Amino acid sequence: MRSTDVNSNHQNNFSYVWIANLLSIFTTLFINFSLGLWILEEYHSTISYTLVYMFTYLPSILLSPILGAKVDKMNEKKAHLIAIGGLILNTFLLLITFRFSLNSLVYIYIFISINSSFNTLQWSAFQKIVPLLLEGRGTKEITKANGSVQSVQSLSFLLVPILSALLVDFFSLNSLVIFSLILYSISYIIFSKLEIKSKNIININKKTSTWNDIGEAFKYIKKNKSINILIQFFTFNFFLMGILNALLSPFILSFTDKRDLATVLSISGLGMVLGSLFVSKWGGPKKRIIGVLIPTIFVGIFTIIGGIKESLLLISISGFFNFTLIPVIRGCGTSIIQTSTPYKLVGRVLSISRMLSISALPIAYLISGIIVDYLFKPFFNQNTGLSLALSHAIGNGESIEIRALFIILGFSTIILGICGMISPNLRRIN
């Protein structure tokens, strides 16, 4: 077969994989968001609503290394189909519980937890399929592919809140679950028709325990200093961005209304979509670590801009450019790990990276509120020389504590990027 035919076949396969993945990710976000809105309207409980996110993140944090180890011993396509099949079955069981009026919070939380588990399996399999489909195509093509993957998530995050808010008012929850079942099924059918030639992996003992497999991945990360520091870099980056995301809505609502909040979030979401599309076309710099470190410094700069004063324009500019840069950072970083790690370890190493990164988010959400309410508020209320000087520098207002934290986060992110630039272990990564 001619090389042009092979490349065309790879491209067609990746396009179908992209569509199948878009349907699956969109559907999961859609059903979870719709259930969250329904819980908020039905129970009028903020805690019940926020528990949706806890049961979304917790299984991913706990199961990522385990499922990554399983995927490293499985056929990638089979693992992906098992994941989507599990999502279909779980959604069908949810439909049955609603049919018999068993729609209590317990059943919904169980559904969300199981969905999150199958999504983690799907993610692990998909991250191995990307370099498999593009084997021999070069690192730039893999980075472009990761940009396309980011665009799937970006489009979903942008469209799901709008679509869910509209449909929840016009359709019953049963109808939305049936709609989700249809989308999952289409994703399964598309993926089942694809021909994905699995890579023949040698020197992998399928009889070893899962914990030994996970331990092998941790040993590799510990031994490979560049990958080790890169994963630490991503974890700390996620932590800083988690604090920023947690405080963004309270900051905006402190000086304006929900309509303006929705506008800023939409602008930020649009930035994420454009950033993902940009990476998918550009492919990142020749030295991909530069595509991680330089954008990180600019994220810090735009975070400071957003915290300068209570300005809808400045926070919109900050949100747009920050969310435009995030897909660049993640696309380049993911492609580095995919191409620098032995293929037999890719699933586990990426899953460990994901576990550490995601685990930083709930910690960030918790710490952000504690810092603002129990550290910064008392500090600015003391009217000491230092607090008055800082208040004069950044301006008084209802959100002075949050803005001060934004500025600190911005400088911390800049320092993180600069430390990465001078780190010999990161500089040597291509």
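Pull out the extension gain between Phe218 and Ser391, defined as 0.36 nm times the separation in residues minus the alpha carbon to alpha carbon distance; nm, one decimal. Present the calculation step by step, with values, prior to reporting the outcome.
Values: separation 173, 0.36 × 173 = 62.28 nm, distance 4.59 nm.
Stretched fully, the Phe218-Ser391 segment lengthens by 57.7 nm.
With a 1.4 Å probe and all protein chains left in place, how much accessible area per residue does the range 199-353 have, in Å²? Let's see the in-between values first.
Details: 6830 Å² over 155 residues.
Here the residues of the range 199-353 average 44 Å² of exposed surface.
Pairs exceeding 24 Å between alpha-carbon atoms, taken from Lys70/Lys140; Lys128/Lys197; Lys77/Lys144: Lys70/Lys140.
Go through 55-65, 297-307, 220-230, 169-179 and give me the packing order, highest mean Cβ count within 10 Å leading. Display every interim value, and only then the final one.
Details: 55-65: 19.9, 297-307: 21.8, 220-230: 16.7, 169-179: 14.4.
Put in order of decreasing packing, that is 297-307, 55-65, 220-230, 169-179.
Evaluated over the range 201-326, the count of Lys pairs having alpha-carbon atoms less than 30 Å apart is 17 (only pairs 8 or more residues apart or interchain). Length available on full extension from Ser254 to Ile182: 0.36 nm per residue minus the Cα-Cα distance, which gives 21.8 nm.
So what is the accessible area of the range 52-135 per residue, in Å², with the probe set to 1.4 Å? Before the final figure, lay out each step's value.
Working: 3160 Å² over 84 residues.
On a per-residue basis, the range 52-135 sits at 38 Å².
Can you tell me how the range 49-94 classifies by the Cα gyration tensor, rounded, prolate or oblate, using a/c under 1.5 as the rounded cut? Here the range 49-94 falls in the oblate category.
Near Ser48: Cβ cut-off under 15 Å, other residues only, Lys/Arg at +1 and Asp/Glu at -1. The net charge is -2. A value for volume of the Cα convex hull per residue in Å³ was derived from the coordinates, and within the list (i) 161; (ii) 149; (iii) 220 it appears as (ii).
Can you show me the helix-derived [θ] at 222 nm for the chain, built from DSSP H runs with n ≥ 4 at -39,500 (n - 2.57) apiece and divided by the number of residues, rounded to the nearest 500. Can you show the working numbers first?
Working: 16 runs with 358 residues, N = 430.
Helix contribution divided over all residues of the chain: -29000 deg cm²/dmol.
Each Lys or Arg adds one and each Asp or Glu takes one away; over the other residues whose Cβ falls under 14 Å from the Cβ of Tyr107, this sums to 0. Applying 1/(1 + (r/R0)^6) with r as the Cβ-Cβ distance of Ile363 and Tyr43 and R0 = 30 angstrom yields a FRET efficiency of 0.65. The range 136-181 and the range 352-369 have Cα centres lying 23 Å from one another. Per atom type, the chain shows carbon and sulfur on 67% of its accessible surface, probed at 1.4 Å. Accessible area per residue (1.4 Å probe, heavy atoms of protein chains only) ranks Tyr184, Tyr107 as Tyr107, Tyr184, with the largest value leading.
Mind running the shape call on the range 191-318? Use the C-alpha gyration tensor, a ≥ b ≥ c as the square roots of the eigenvalues: rounded below 1.5 for a/c, prolate if a/b tops b/c, oblate otherwise.
Values: a/c = 2.30, a/b = 1.99, b/c = 1.16.
Prolate shape, in that a/c is at least 1.5 and a/b is the bigger ratio.
Near Ser151: Cβ cut-off under 13 Å, other residues only, Lys/Arg at +1 and Asp/Glu at -1. The net charge is +3.
The values are calculated or read from the model by the stated rules, or taken from the named source; none is laboratory data. If you're wondering where the values come from, they're calculated on a predicted model, not measured in any experiment. All Cβ positions, even for glycine, are placed from backbone atoms using ideal geometry, and neighbour counts span all protein chains on display. Side chains included, ligands, DNA and RNA excluded: accessible areas come from the protein's heavy atoms. Shrake-Rupley method; radii C 1.70, N 1.55, O 1.52, S 1.80 Å.
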